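Novice: Here it is: the structure, laid out below.
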Amino acid sequence: MDGAHSGGTNRRGGQADPLRAELERRLQLLADHGQRADPKDITAAVESIMATVEGDLSAVNLKLYAEIEALGRYIESAKAEIAEVRPDEIRDQHLPTATDELEAIVGATEQATNQILEAVESIEEVAGEVDEAKSEKITGAVTQVYEACNFQDITGQRITKVVTALQEIERKVDALLAAFGEEMARNQIKRRQAEAASKDDEKSLMNGPASPNEAVSQEDIDALLASFD
Amino acid sequence: MAGVDFNMPILVVDDYKTMLRIIRNLLKQLGFNNVDEATDGSVALQKLRDKKYGLVISDWNMEPMSGLQLLKEVRADQRLNDLPFIMVTAESKSENVVAAKEAGVTNYIIKPFNAATLKTKLTAVIGQF
């Protein structure tokens, strides 16, 4: 045992309790100013770190306390900022919606391209029934349409890349939510209360085209309109 | 020199059905009517082992078996290893082209492509027509 330990300034010696009391007092001050860290948690963390500190509780040790306090404040502030970004909404609403919309684009462009190709194939058949000059003209135009329809493959591949990127973001957000779950839950309750108080009914009606599985047919709309008569 | 056999079976491989249709139609315009289709490398490989083809035109980016994997399987198969193989793909980085060349690709077309490019590449692979 060295002299410093036996001198009672080590945290495991006689001054451990006053230090702990001082730390808790400071953390309580933080809590009173709106910080949400549980002082017991941070105390436990500090104790764990201090358990590895040897020698006198000098100015260096006190500085360490201050640094850890600052770190605690920084973490709390970061958590609050992350919560404000609403990662739960990003994961549960925005990302799935974006993915669905992109997949709908791929489906719609594929369907349209097939319709175009079908129509152009019919035109191409006519090319065999007319004179050579006209036939050449028709075939040339038809070829240009075939070439232009390349776009569906290219845009489809690009959109697939975006969907893959969104899925990666979803995984990261999931990890974030797992780390800050409680914070998010508290914020969600507050947010829903605020949203309920300020709901804009007209804005909520502007959602753009419905996804194919949610879309309502013209017949359904006509039936609905007729039901008002 | 023997002329080009317009009746030779050609296998077109792409996971986009619209692209299969476009390539089939362009080949038809060029006089090639004996065209089969496959939507990924593994289906294509089975077709190649079941029937004798004169040419493969394949996309790269497909699952579960990519065009590059298909090419490697073709080159590793004694009965298929001299089959002309054209890659038609949006993968335009030089490392892709190098990898395809090292795997034994016969020619390489970048998407989007036009009918003239397809004809030029076909001519380079199977001869003037």
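Novice: What FRET efficiency would be calculated for the residue pair A:E214, A:E168, taking the C-beta separation as r and a Förster radius of 30 Å, to the nearest 0.05?
Specialist: After rounding to 0.05, the efficiency reads 0.70.
Novice: Checking the cross-link filter: which lysines have an alpha carbon closer than 29 Å to that of B:K119, excluding same-chain neighbours under 8 positions apart?
Specialist: Output for B:K119: A:K134, A:K137, B:K17, B:K28, B:K47, B:K51, B:K52, B:K72, B:K93, B:K101, B:K111.
Novice: Given the options B:R75, B:R24, B:R49, state which has the largest fluctuation in a GNM of chain B using a 10 Å cut-off (strictly under) for Cα springs.
Specialist: B:R49
Novice: Shifting gears a bit: With θ set to phi - 60° and the Karplus curve 6.51 cos²θ - 1.76 cosθ + 1.60, what are the ³J(HN,Hα) couplings of the stretch B:18-25 in order, to the nearest whole Hz, using x for Gly and Pro?
Specialist: 5, 5, 4, 5, 5, 5, 4, 5
Novice: Then there's this: Given R₀ = 30 Å, FRET efficiency for A:L62-A:V85 by Cβ-Cβ distance, to 0.05?
Specialist: My answer for the efficiency is 0.25.
Novice: For peptide B:14-25, what's the mean number of Cβ atoms from other chains within 10 Å of each residue's Cβ?
Specialist: If you average over the peptide's residues, the count of other-chain Cβ atoms is 6.
Novice: So how far, in whole Å, is the C-alpha centre of the stretch B:74-124 from the one of the stretch A:84-160?
Specialist: 24
Novice: Same structure, new question: List every residue whose amide H lies under 5 Å from the amide H of B:V12, counting only residues 5 or more places away in sequence or on a different chain, with H placed 1.01 Å from N in the peptide plane.
Specialist: The answer is B:D36, B:E37, B:A38, B:I57.
Novice: So who's got an amide H within less than 5 Å of the one on B:M65, skipping anything under 5 residues away but keeping other chains? H placed 1.01 Å off N, in plane.
Specialist: B:G41, B:S42
Novice: Report the one residue of A:Q111, A:T143, A:Q157 whose Cα lies farthest in the direction of the positive end of the charge dipole of the stretch A:87-196 (charges on C-beta: Lys and Arg +1, Asp and Glu -1; origin at the Cα centre).
Specialist: A:Q157
Novice: Follow-up question, since we're still on this one. Treat each spin label as a single point 7 Å out from the Cα along the C-beta direction, and report the B:F129 to B:K93 distance in nm.
Specialist: Reported label-point gap for B:F129 and B:K93 is 3.4 nm.
Novice: Which percent of the Cα-Cα distances in chain B go past 24 Å?
Specialist: In whole percent, the share of Cα-Cα pairs in chain B beyond 24 Å is 19.
Novice: Would you tell me the mean number of C-beta atoms belonging to other protein chains that fall within 10 Å of each C-beta in A:141-150, as a whole number?
Specialist: 5
Novice: How large is ³J(HN,Hα) for each residue in the stretch A:165-175, as worked out from phi by the Karplus curve 6.51 cos²θ - 1.76 cosθ + 1.60 (θ = phi - 60°), to whole Hz, x for Gly and Pro?
Specialist: Calculated HN-Hα couplings, in order: 5, 5, 5, 5, 4, 4, 5, 5, 5, 4, 5 Hz.
Only the coordinates and a few stated rules stand behind these numbers; no lab work does. Fair warning: this is a prediction, and the values are worked out from it, not measured in the lab. Counting neighbours? That spans all protein chains shown, and the Cβs are built from the backbone with ideal geometry, glycine included.
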